[in-house]
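What follows is a single structure, written as structure tokens, with notes after it.
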Amino acid sequence: MHLNLQGELALVTGASRGIGRAIALTLGQAGATVIGTATTESGAEQVTHFLKEHQITGIGALLDLQSIPSIEGLITQLNSQPPSILVNNAGITRDALLMKMSDQDWEQVITTNLTGVYRLTKALIRPMIKARHGRIITCTSLVALTGNAGQANYAAAKAGVIAFSKSLAKEVGGRGITVNTVAPGLIETDMTQRLPESQRQQLLQQVPLGRPGQADEVAAAVLFLASKAAAYITGETLHVNGGLYMA
């Protein structure tokens, strides 16, 4: 299987921890040069250190998807060598039941998780079209398909990126660009480790494989979609959830 990414430049948003860090590591180990973003200067420095520590060519970069100037600053930084692989991984949660959800909670999640994907992807698609080559992979979520109480904003944004990706796949497929999404389920991250044990066990009982997933298992799915092996796959959502949801 052709999983070698030598010669590719991958931009991974939200690479300072969890799934994003695992994606940056996996793509780098496959040969890609990696730019991993974080929302703070210290976070970007940590990404740079992490990549160097693992002997991966790349750097950390500052990116706040709620800020248009921040996005424009990153694009300017990338002008000399635009990425051939874009992984839209960064996201936030602001959970609350709808009756208690503030406009700010709604707008921050939609702006970061959906509008930010639109703005960054739009800014980077032109060089891919010119090169007639590109991979765009966006991390969605199980709740985009199932919904989840207290996450109307998050589920709406994550469902939106699936529809966005399908539409874009139809627009750019003829230019050698694939556009797909990866939908993680219950994955061991800082966020899921903070779940009450009773809630965690209740979720695990619904997973046919009987365990939570690991961040590197999500990263492996991203690597596949970024590689030549997935050259004839576009507009799809790859579920990584241990059978918790079966499409």
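The values are calculated or read from the model by the stated rules, or taken from the named source; none is laboratory data. These numbers were taken from a predicted model, which means no experiment stands behind them. Every residue, glycine among them, receives a Cβ derived from its backbone with ideal geometry; neighbour counts consider all protein chains shown. Remember, those area values only see protein heavy atoms, side chains included, never the ligands or the DNA or RNA. Shrake-Rupley method; radii C 1.70, N 1.55, O 1.52, S 1.80 Å.
Scoring Ala229 on the criteria (1) within 23 Å of Gly134 (Cβ to Cβ); (2) surrounded by 15 or more Cβ atoms within 10 Å (Cβ to Cβ); (3) not polar (S, T, N, Q) leaves a single failure, condition (2).
Only one of the listed residues (Leu186, Leu195, Leu145, Leu168) is surrounded by 17 or more Cβ atoms within 10 Å (Cβ to Cβ), more than 23 Å from Ala38 (Cβ to Cβ) and at pLDDT below 95. That residue is Leu186.
Looking across segment 148-165, the residues that are surrounded by fewer than 19 Cβ atoms within 10 Å (Cβ to Cβ) and without any contact (Cβ under 8 Å) to a residue 40 or more places away in the chain come down to Asn148, Ala159, Ala163. Note on segment 150-206: residues that are touching a strand residue (DSSP E or B) at 6+ places or on another chain (Cβ under 8 Å), of a type in the set (Val, Ile, Thr) and closer than 20 Å to Asp216 by Cβ amount to 3. Hey, among Ala44, Ala22, Ala10, which residue is outside any loop (DSSP other than H, G, I, E, B) and over 14 Å from the mean Cα position of the chain (by Cα)? Answer to the check: Ala44. For segment 76-113, the tally of residues that are part of a helix (DSSP H, G or I), open to solvent by less than 50 Å² (accessible area, probe 1.4 Å) and at pLDDT 95 or above stands at 7.
Right, Ile129: modelled with pLDDT of 95 or more and within 22 Å of Lys158 (Cα to Cα) or not? No, not satisfied. Looking only at segment 184-222, residues that are touching a helix residue (DSSP H, G or I) at 6+ places or on another chain (Cβ under 9 Å), in a helix (DSSP H, G or I), farther than 16 Å from Gly243 by Cβ and not polar (S, T, N, Q) come to 8 in all.
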